[in-house]
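One structure is given here, and the rest of the page talks about it.
None of the figures in this text is laboratory data; all of them are computed from the coordinates on show. This structure is a prediction, so every number in the text was calculated from the model and none was measured. Ideal geometry is used to build each Cβ from the backbone, glycine not excepted, and the neighbour counts take in all protein chains shown.
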Amino acid sequence: MDAFDQMETIARAMSDPAFYPHPVTRLERRDTHISTVFLTGDWVYKLKKPVNFGFLDFSTLTAREFFCRREVELNRRLSSGVYVGVEAVCRAADGNIGLGPGSDGPVLDYLVKMHQLPEAASLFAMAQRDAVGPAAMRALGTVLANFYRSGDPADELRRCGDPDLIGANVEDNFRQTEPFLDTILDRDRWEFIAQVSRSFLARRRRLFERRVDEGRIRDGHGDLRPDHVYFHQGIQIIDCIEFNDRFRYGDVAVDLAFLFMDLDRMGALEAGLEALAAYVTAAADPALYRLLDFYACYRAMVRVKVDCLRSGQLDAAARPAIVRRAETYLEQAYRHAVQCARATLWLVCGLPASGKSTVAAGLAGLLEIPQVRSDALRRKLGGARRPPAGVADYGEGLYKP
């Protein structure tokens, strides 16, 4: 029996309420491209599929045990009392499959056991029914700022902010989605997104390097989506990426852009902006906004990649829905790419001596853009080194048309 057949044998056993050593009020199976999850009412059990996509490898029993334990360890950082632990699935002497350690047979696989959170308390469900209040989102932004601040900015993390490595992650998305062009994905949209992403990295290299110098590269969540955030007994954030550190390490803006992008897609833009504003204030990180569209585009392409890969695992009845979602995420990536590529002129106006030049200089440094001072430009065009003495009438002197 190969690993996939064995996993399905385990899944069939877990589809029987009698499998569980506790009452089952409602048994439901859910599948992703990398896991199979069983919800039982009070408890959740999560199996890892024996897949190898290159960026993750669950193909061996040893790997699945390791990553189950890693999942529990990492997710306890942003949740409290949710992740119970790792349990073995064993075959007893009578041939029945059950949870260890009561079974004396060989270990067939490992799974993660969690407390089941109420779905109505997820940010995803709350956004769908327009029940997300600004206070909750501000609290979320502050929790995330404190989480990133508490992490260890180890030297090994600094390289994850290197523009070349960020470019490699971006290219992974394009390499793994290219086979789906003209069948699932629109080629023109895809090529525009690729061109803008590469151009932004090349033109804004110093901006990425400065993020490293400022200590903004952290061990984050890696999959910060609305359906992984719950407002239940505090704020619970679950399901971070455990299978590839490279997808979790990076600029905090990567995490936050994922949350913002998905909320925007759901029509909850204001909720996303509230969380971002709270984070920026608590972390003193206004430069995040300069990277927001670039990373939102990148994260949308991650979702395109996931859905394209998932489409090949589904039957004909289920496949159209996942294809439509991939197309939706591609459109989302395109919109953020357009914003990323669009030139913006910032005008700072005010009364004399009100601080216009100071504010403009701060913006220019923050956004990595040139500063143009109108007074200096007028003097240059007029050939004067300094303004003429006295007060000129309106429309005269340096301000003469």
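Taking residue 380 as the anchor, which lysines have their alpha carbon closer than 29 Å to its alpha carbon, excluding any fewer than eight residues away along the same chain?
Within reach: 356, 400.
First select every other residue whose beta carbon is under 12 angstrom from the beta carbon of residue 182; then total the charges, Lys and Arg +1, Asp and Glu -1. Mind showing how you got there, number by number?
Details: positive: 187, 189; negative: 178, 186, 188, 191.
Here the charged neighbours net out to -2.
Considering all projection directions equally, how large on average is the shadow of the alpha-carbon convex hull of the stretch 3-116, in square nanometres? List each step's numbers first, then the result.
Numbers: hull surface 28.5 nm².
Mean orientational projected area (the stretch 3-116, Cα hull): 7.1 nm².
Tell me, what HN-Hα J-couplings in whole Hz come from the Karplus equation 6.51 cos²θ - 1.76 cosθ + 1.60 at θ = phi - 60° for each residue of the stretch 273-287, using x for Gly and Pro?
Karplus-based 3J(HN,Hα) across the stretch 273-287 equals 5, 4, 5, 4, 4, 5, 4, 4, 5, 5, 9, 6, 10, x, 5 Hz.
How much length, in nm to one decimal, is gained on full extension between residue 246 and residue 343, taken as 0.36 nm per residue of separation minus their Cα-Cα distance?
Details: separation 97, 0.36 × 97 = 34.92 nm, distance 3.14 nm.
Difference between extended and current length: 31.8 nm.
For the stretch 121-341, compute the orientation-averaged projected area of the C-alpha convex hull (one quarter of its surface), in nm².
Details: hull surface 47.9 nm².
For the Cα atoms of the stretch 121-341, the hull's average projected area reads 12.0 nm².
Under a point-charge model restricted to the Cβ atoms of Lys and Arg (+1) and Asp and Glu (-1), what is the dipole moment magnitude of the chain relative to its Cα centre, in debye to the nearest 20? Mind dumping the intermediate values first?
Values: 53 positive and 54 negative charges, 385 e Å.
I would put it at about 1840 debye.
May I ask you to list the aspartates and glutamates whose Cα is less than 14 Å away from that of residue 305, ignoring any residue fewer than eight positions away on the same chain?
Leaving aside aspartates and glutamates fewer than 8 places away in the same chain, those within reach of residue 305 are 171, 172, 178, 186, 223, 327, 331.
Among the lysines, which have Cα under 21 Å from the Cα of residue 113 when same-chain residues fewer than 8 positions away are ignored?
Of all the lysines, those that pass the test against residue 113 - Cα under 21 Å, at least 8 places apart if same chain - are 46, 48, 49.
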